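Participant: First, the structure itself, so that you have it in front of you.
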Amino acid sequence: MGTPVNITLRSHVWVEDPELSWINGEVIEIKGTNATILAAIGKTLVASISSIYPKDTEAPPAGVDDMTKLAYLHEPGVLHNLACRFALNEIYTYTGNILIAVNPFQRLPHLYSVHMMEQYKGAAFGELSPHLFAVADTSYRAMINEAKSQSILVSGESGAGKTETTKMLMRYLAFMGGRSDTEGRSVEQQVLESNPVLEAFGNAKTVKNNNSSRFGKFVEIQFDKRGKISGAAIRTYLLERSRVCQVSDPERNYHCFYMLCAAPPEEVKKFKLGDPRTFHYLNQTNCYEVSNVDDAREYMETRNAMDIVGIGQEAQDAIFRVVAAILHLGNVKFIKGEEADSSKLRDDKSRYHLQTAAELLMCNEKMLEDSLCKRVIVTPDGNITKPLDPESAALNRDALAKTVYSRLFDWIVDKINSSIGQDPNATSLIGVLDIYGFESFKINSFEQLCINLTNEKLQQHFNQHVFKMEQEEYTREEIDWSYVEFVDNQDVLDLIEKKPGGIIALLDEACMFPKSTHETFAQKMYQTYKGHKRFSKPKLAQTAFTVNHYAGDVTYSAEQFLDKNKDYVVAEHQALLDASKCSFVANLFPPLPEDASKQSKFSSIGTRFKQQLQALMETLSTTEPHYIRCVKPNTVLKPGIFENDNVLNQLRCGGVLEAIRISCAGYPTKRAFDEFLDRFVMLATDVPEGSDEKSACASICDKMGLKGYQIGKTKIFLRAGQMAELDARRNEVLAGATKRIQRQIRTYLTRKEFLRQKWATISMQKLWRAQLARKLYQNMRREAASICIQKNIRAHRARKCYTKLQASATVIQTGFRTMAARNKHRHRRRTKAAIIVQREWRRHQAHEAYKQYKKATLALQCLWRAKVARKELKNLRMAARETGALKEAKDKLEKRVEELTWRLELEKHQKVDLEEAKAQEIANLQNTLSELQEKLDEAHAAILREKEAAKLAIEQAPPVIKEVPVVDNTQLELLNSQNNELKVEVKELKGKIEEFEALCSALERDSKASLTEAEDAKAKAIQLQEIIERLHTNLSNLESENQVLRQQALAASTSAEESEELNSLKDKVAILESENESLRRQTVAVEKTVPPPEGVFASAKDLENGHQAEEIQETKEPRNPTIVLAKQRSLTDRQQENHDVLVKCLTDERRFDNDRSVAAWIIYKALLQWRSFEADKTIIFDRIAQTIRSSIEKSQDDTRELTYWLTTSSTLLYLLQSTLKFSNTNNSASKRNRSAQATLFGRLVQRMQSSSMGMETSSGYSGMVGISNDQQMVEAKYPALLFKQHLAAYVEKTYGMIRDKLKKEINPLLNLCIHAPRPTRARTLREVTKSIHLTTTAKQQASYVQWQNIINKLEHTLHFMAENHVPSMITRKLFHQVFSYINVQLFNSLLLRRECCSFSNGEYLKMGLHELEQWCLKAEDEAARSPWDELQPIRQAVKFLVSHQKTQKSLVVITKEICPVLSIPQVYRIATMFWDDKYGTQGLSSEVIKQMRKLMSEDSTNMSYPSFLLDVDSSIPFSVEDVSQSFHGGTINLSDVDPPPLLRQRSDFNFLFSDIA
């Protein structure tokens, strides 16, 4: 247990405390062998150095998940580690491969969700946080891989949570092995549903637990060869039979007795029961009720549970009848009879209970009485009946009660097993053992001895397993372990069960002697085991004895040992109950062999207990064991309370401390070389340079003088106490280093102060010198200022004189320049006016010419359009097969064309007259303009003459500086009058121009109106063209109807009635053919007069299914039915060929045209042309769906192929969604519609009416898809609806396959990105001491490589999706889900693996996420940039890990700034698991931890406890509407898609070229 050595001053140690078991403190004084310790709670203790243990001050505050990793593996260290983890709600802890489960006494559903099961599925043991799912998964994997049965041993005292643990184990095994349903319920559900029944008949109230199991339960989950659950069975062991007759205070008997007494009144009356206090088997104790338990309600729940497990009402009544009979038997009492050593019933009350018991058991009352009071002895001379004394009769009665109850319990277990169903061919199994734990009360009796014997057996099995695990590790590391001793408890087992000489053997021997008492039995034991080291006699005890068990000493009271051990199998009882009229009771006691039924045989409960225990151990020995130790943290059964004494006692009883002793007997401290060097590298100063880790570790140990340590392949193994020696030396080295650091820091601070003072002195000198310099500079500045003032005054005077002279010269220059400017301005005004007049005249000429050309062009266009309209009118006349509406439309159109022709002629004459008037007006305007130009030239000449005269006058004038205005009033008045006349003429000219423009605008409006009417006529012509196309289609429909009628006529019989029906059909055919002939003639007549319009290539003989129709014979006689059937077969073959070609085009045509799938367009157009969407039955949909499905299944691993089919399916789905409408009308309505349109004329009229209601776009689906009104959508039938659903399913399936394939590819890479790689084992010492930089570089390289691989996977998938033009919405959704998956995997692994919640690992993840962020930012596709927000949880978690000064951060800062997205449980989980492996700093403060724990407790009371793990979203994140919206807002133009050459060669697909032309 860790020898306490090297305890020095200031050492942190653990010391025993009577209240808290162990408390930590610091050694403040050592005197001899005693040490004075200042405890953390404030008190001072003195203890022997040999009784204190060192404390690991570097242990993480949240504890370690595997206690074998503790630096000091001793009792206080284990207890403290469990307490730390329990305070953080970490209820599971490993000790090697043993799981310790501390009952939290609260619901923690997040720990047992399906998502948590997924996390532990296939994970290596110890890789994730401790959990019972890890134990279950390890056992399941071992069973599958090694083909060997496994067992999980769940032990612990009452209330420790064994039953809940067993339930969760079975849930996980059912999750891993599938669900084998029986009658609608899974195997584990049936096993769990049997618990209430078994608890009612096998559980009782004890001193420590109100619902203690008084039997052992071994649940076998059976598996087949595939690892699937095939059956189950419940094996029960060691039922405490003596409790039926003897109960100690304050315990109770089995629950079923009290439930039956609290049953409904009619049940109580039927079984003649009453108050439990009136029954001897129940009133031996004063406890009749259990707090918070309603026996009446429990009785009804037990009844319901019996119904569930398959126990019928009759069997239930029989069961409780037997239970009631046992209670009545207990009230049968005896007194001495008339003869010696005889007995009889004591009173009438006993007689009544005997009669009632016989009535309930349906046996003979007299025979029952005789079997209790008499004994038949078989001798060679005959049978001898011996009377029994009252005491023997009472023992006989109790033996009968115990036997009946034991048989009843076994029958219930067998019934439950038969209901669950066992698999006799199961190849392997996993057994879960739930058995009572070690018991030690104030008064311990025979039951406690049997229970503790069981635990001693299991502890031996456990010790052997632990020692075996230790041996395997020693062998694996190749170290010598031959001298390691095994701690065994075989001597205790021999003391109790050895035969002969054991306690049970002595007890059986005493029971067979009539005169033996418990005093003689005790004296016999005292004499036999006087020198036994495991046996002792308490002082002043007469019948008590003490056994030294592995968990401690237990004192037993030998009183009632003999009575509780006796269990006679009385032949009279067997014969009596076998003859019962109740078949249920008779089946409990089947007839025995003749030799066994002749006489009564002694049966010992202790011996039977040993046999069952041996059978259990044999079963366990054939399996590979796994151990779970359940611990009850407190006796008040409340959450958050950890009682050290209670837990420590359970650790002893559960064998955990025993396992630690075994480990301490060998090498309790095992450390990997790198971990050892990281901790003790400072002790390796003298190690030679270049030594590897292994040599360095050995050198350190040798230098420290350690003896007995071992060097393995990957670890170093230290004996007990050696870790403390190394830590003591390490503390000394660290203390010396600390002193050196302090000395350097003090030197640094002193020098810093000196430099500060030196700098201050220099600053003072500098300031004084600066002051002197400033004074000198001021004087020099004043002298320079005075000189500057004198200079400026002199300059001012000179400048003032110069300014006056300059002003005079400027005035003179201004006068001359002003006169010249006026003259120049006057000339420019005149020139500008002339230019304006010229510009307006030229503009007028150009405008008039443009208008003339424009009107001529419009007239030419009108004539050309009229010509085209006339041609179209001729074509429309060919389509007029009916004389009514078509002739009227033709007459109206001809009248309209004549009217338009007349109006065009009228406009032409008007234009001619207008042009002549315009020409005359233009000539007049030109004459006027020429006259004005002459007058303007004269005015210019006069102005020039005036300028020359003025210039001459200025030259001749004397030089007087004075501006003299020159005024010539006569000339000025003349010019003004001329100017006014010109203005009047220009105004008149503008008025005429405006009138002319008004006339032109009126003519232009008339021309536009004519053009609009011409366009309307063209639109109507287009409508008539479409009507003609529909007539062609209807003609083909009529041909199909004729062929069907001929086929019916051919199939008709030759009988009289069939002949009449044939004649009627022939008449119909003749009528239809005559109607066809008349329509054909009308069509030919119209075609002769109207040629087909340009650009129309659709043949009039194309059928609506894409096939070419045969030429219609021009005869009025009915056709031959045989010829018609042959043609029908040829059409069917042609249709099949077209289907084959279309499917081949779907698989072979992989082109894209403007991001559109050519194959999807071809299929859509073909189905639309063939009217497959409107067909009630067709096979083309099934063939297309089958082709897509088979192609998807073949290319499951090819992302390129999957993306292509995703694009094709989604495009086709969008086209159907945008075009089809699905009618909900019934068949009768459709039949009425068909009957109303039976004739071609009726259908034609209806379609013309529907077409005339609104013809904004063509109804022939000429290329623009995305129709908004229902009148232009196809009304689809059921096959089309089913085809659309199939397409939606294929889109979802293909999307899911691409997403799951990408997840599968990046999942192993994510596992490498979660945890930073550990440094190489074979490091040299220099590498160890300088590993920080190298480790960082290695992490960066490893992070870059793994994340670059992930980015490559993402890049390839994105490339394939872009290459195959997958809609951006689908690509974006896929990457959102993939990034969410990355976030979930990283985040959950961070929360489940403590080694990932470190500072250095946070840096490692941060570098990887940075690489992914850079890829997202550089990506050109928006689909790769937008999903970055999905990584917010892991980014914020990493931000928390790499943040500094966590102890100073408040809860608000953490939840609002650092981790706003994360929930409180998630932040709490990360904070409690965090450890700084780089700088050694602490995590969040205890106050923040308490605040988060308080918030979580409040949330758990208001709602279910939230899970801290994230779930993977595997749903399809888009709908059909989303797919439609992803295609450019809901519309797509397919009119210009070029069909492939395969279809160009076939005339049946000519309709594909109509839109291109």
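Participant: Aspartates and glutamates near residue 1353 by alpha-carbon distance under 17 Å, same-chain residues fewer than 8 away left out - which ones?
Facilitator: 1197, 1198, 1201, 1300, 1305, 1363, 1411, 1413, 1420, 1421
Participant: Evaluate the distance, in nm, between pseudo-label points positioned 7 Å from the Cα of residue 164 and of residue 491 along their respective Cα→Cβ axes.
Facilitator: Placing both labels 7 Å beyond Cα along the Cβ direction yields 4.0 nm.
Participant: Residue 704 versus residue 30, label points 7 Å from Cα toward the beta carbon: distance in nm?
Facilitator: Here the answer is 1.6 nm between the modelled labels.
Participant: While we're looking at this one, here's another question. The stretch 55-194: percent of C-alpha pairs farther apart than 27 Å? Before the final figure, lay out each step's value.
Facilitator: Values: 2510 of 9730 pairs.
So the portion of pairs separated by more than 27 Å is 26 percent.
Participant: Taking the Cα centre of the stretch 27-132 as origin, sum charge times position over the Cβ atoms of Lys and Arg (+1) and Asp and Glu (-1), and report the length of that vector in debye to the nearest 20. If you can, show how the numbers build up before the last one.
Facilitator: Numbers: 7 positive and 9 negative charges, 57 e Å.
Charge dipole of the stretch 27-132: 280 debye, to the nearest 20.
Participant: Could you calculate the contour length gain from residue 58 to residue 1542, that is, 0.36 nm times the residue separation minus the distance between their Cα atoms, to one decimal place in nm? Kindly include the intermediate steps, with their values, before the conclusion.
Facilitator: Values: separation 1484, 0.36 × 1484 = 534.24 nm, distance 7.84 nm.
So the extension gain works out to 526.4 nm.
Participant: Calculate the FRET efficiency for residue 355 and residue 315 from the Cβ-Cβ distance with a Förster distance of 25 Å, rounded to the nearest 0.05. Mind dumping the intermediate values first?
Facilitator: Details: r = 24 Å, r/R0 = 0.98.
Efficiency, rounded to the nearest 0.05: 0.55.
Participant: For the full complex of protein chains and a 1.4 angstrom probe, list 716, 762 by accessible area with the highest value first.
Facilitator: Values: 716 0, 762 95 Å².
Sorted descending by solvent-accessible area, the residues read 762, 716.
Participant: Related question: Pull up the cross-link candidates among the aspartates and glutamates for residue 344, meaning alpha carbon to alpha carbon under 20 Å and not fewer than 8 places away within one chain.
Facilitator: 359, 365, 369, 370, 389, 391, 398, 572
Participant: What is the extension gain from residue 945 to residue 1140, computed as 0.36 nm multiplied by their sequence separation minus the C-alpha to C-alpha distance, in nm to one decimal? Write out the running numbers ahead of the final one.
Facilitator: Numbers: separation 195, 0.36 × 195 = 70.20 nm, distance 10.13 nm.
Stretched out fully, the residue 945 to residue 1140 stretch lengthens by 60.1 nm.
Participant: Right, something else. In the stretch 384-484, with Lys and Arg counted as +1 and Asp and Glu as -1 at Cβ, which of these residues, 444, 433, 408, has the Cα nearest the positive end of the dipole, that is, farthest along it?
Facilitator: 408
Participant: Taking only the alpha-carbon positions of the stretch 360-436 and ignoring solvent, what does the Debye formula give for the base-10 log of I(q)/I(0) at q = 0.11, 0.13, 0.19 Å⁻¹?
Facilitator: Listed by q, the Debye log ratios stand at -0.56, -0.68, -0.94.
Participant: Along the positive direction of the dipole of the stretch 785-936 (beta-carbon charges: Lys, Arg +1; Asp, Glu -1; about the Cα centre), which of 835, 906, 820 reaches farthest?
Facilitator: Positive-most Cα among the choices belongs to 820.
Participant: Checking the table 892/1008; 1304/1478; 694/1478; 918/1008 against a 30 Å threshold on Cα-Cα, which pairs fail?
Facilitator: On the way: 892/1008 22 Å; 1304/1478 33 Å; 694/1478 23 Å; 918/1008 21 Å.
Long pairs (Cα-Cα over 30 Å): 1304/1478.
Participant: Only Lys, Arg, Asp and Glu count, each charged at its Cβ (+1, +1, -1, -1), so figure out the dipole size of the stretch 1450-1490 about its Cα centre, rounded to 20 debye. Intermediate values should be presented prior to the final figure.
Facilitator: Details: 4 positive and 4 negative charges, 23 e Å.
That gives the stretch 1450-1490 a dipole magnitude of about 100 debye.
Participant: OK, next. At a 1.4 Å probe radius, which order do 1416, 788 fall into by accessible area, largest first?
Facilitator: Numbers: 1416 5, 788 55 Å².
Listed by decreasing accessible area, they come as 788, 1416.
Participant: What ranking do 1206-1215, 87-96, 274-283 get when scored by the average of other Cβ atoms within 10 Å per residue, highest first?
Facilitator: Values: 1206-1215: 26.1, 87-96: 20.7, 274-283: 16.7.
Highest to lowest by the protection proxy: 1206-1215, 87-96, 274-283.
Participant: Additional query: Leaving ligands and nucleic acids out of the surface, order 507, 952 by accessible area at 1.4 Å, largest first. Walk me through the numbers on the way to the answer.
Facilitator: Details: 507 0, 952 90 Å².
Heavy-atom accessible area, descending, gives 952, 507.
Participant: Filter the cross-link list 498/564; 269/564; 272/386 down to pairs whose alpha-carbon distance in this structure exceeds 28 Å.
Facilitator: Working: 498/564 20 Å; 269/564 32 Å; 272/386 33 Å.
Over 28 Å Cα-Cα: 269/564; 272/386.
Participant: Given charges of +1 on the Cβ of Lys and Arg and -1 on the Cβ of Asp and Glu, with all other atoms neutral, how large is the dipole of the stretch 417-472 about its Cα centre, in debye to the nearest 20? Write out the running numbers ahead of the final one.
Facilitator: On the way: 3 positive and 7 negative charges, 23 e Å.
Here the size comes out at about 100 debye.
Participant: Which three numbers, in whole Å and largest first, are the semi-axes of the equivalent ellipsoid of the stretch 9-131 derived from its Cα gyration tensor as √(5λ)?
Facilitator: Working: eigenvalues 253, 43, 21 Å².
Over the Cα atoms of the stretch 9-131, the semi-axes work out to 36, 15, 10 Å.
Participant: Ok, one more. Given a Förster radius of 41 Å and the C-beta distance between residue 976 and residue 853 as r, what FRET efficiency does 1/(1 + (r/R0)^6) yield to the nearest 0.05? Provide the component values of the computation, followed by the final result.
Facilitator: Numbers: r = 42 Å, r/R0 = 1.04.
That pair, residue 976 with residue 853, gives E of 0.45.
Participant: May I pose another question? Too long at a 19 Å Cα-Cα cut-off: which of 349/581; 69/670; 162/205? Display every interim value, and only then the final one.
Facilitator: On the way: 349/581 25 Å; 69/670 7 Å; 162/205 16 Å.
Over 19 Å Cα-Cα: 349/581.
Participant: Straight distance only, please: which aspartates and glutamates reach the Cα of residue 871 with their own Cα at less than 12 Å, same-chain residues fewer than 8 apart left out?
Facilitator: Output for residue 871: 894, 1087, 1094.
The values are calculated or read from the model by the stated rules, or taken from the named source; none is laboratory data. Computed from a predicted structure; not experimentally measured. No Cβ is skipped: glycine too gets one built from the backbone with ideal geometry, and neighbour counts run over all protein chains shown. Heads up: the accessible areas ignore ligands, DNA and RNA and are worked out on the full protein's heavy atoms, side chains in. Shrake-Rupley method; radii C 1.70, N 1.55, O 1.52, S 1.80 Å.
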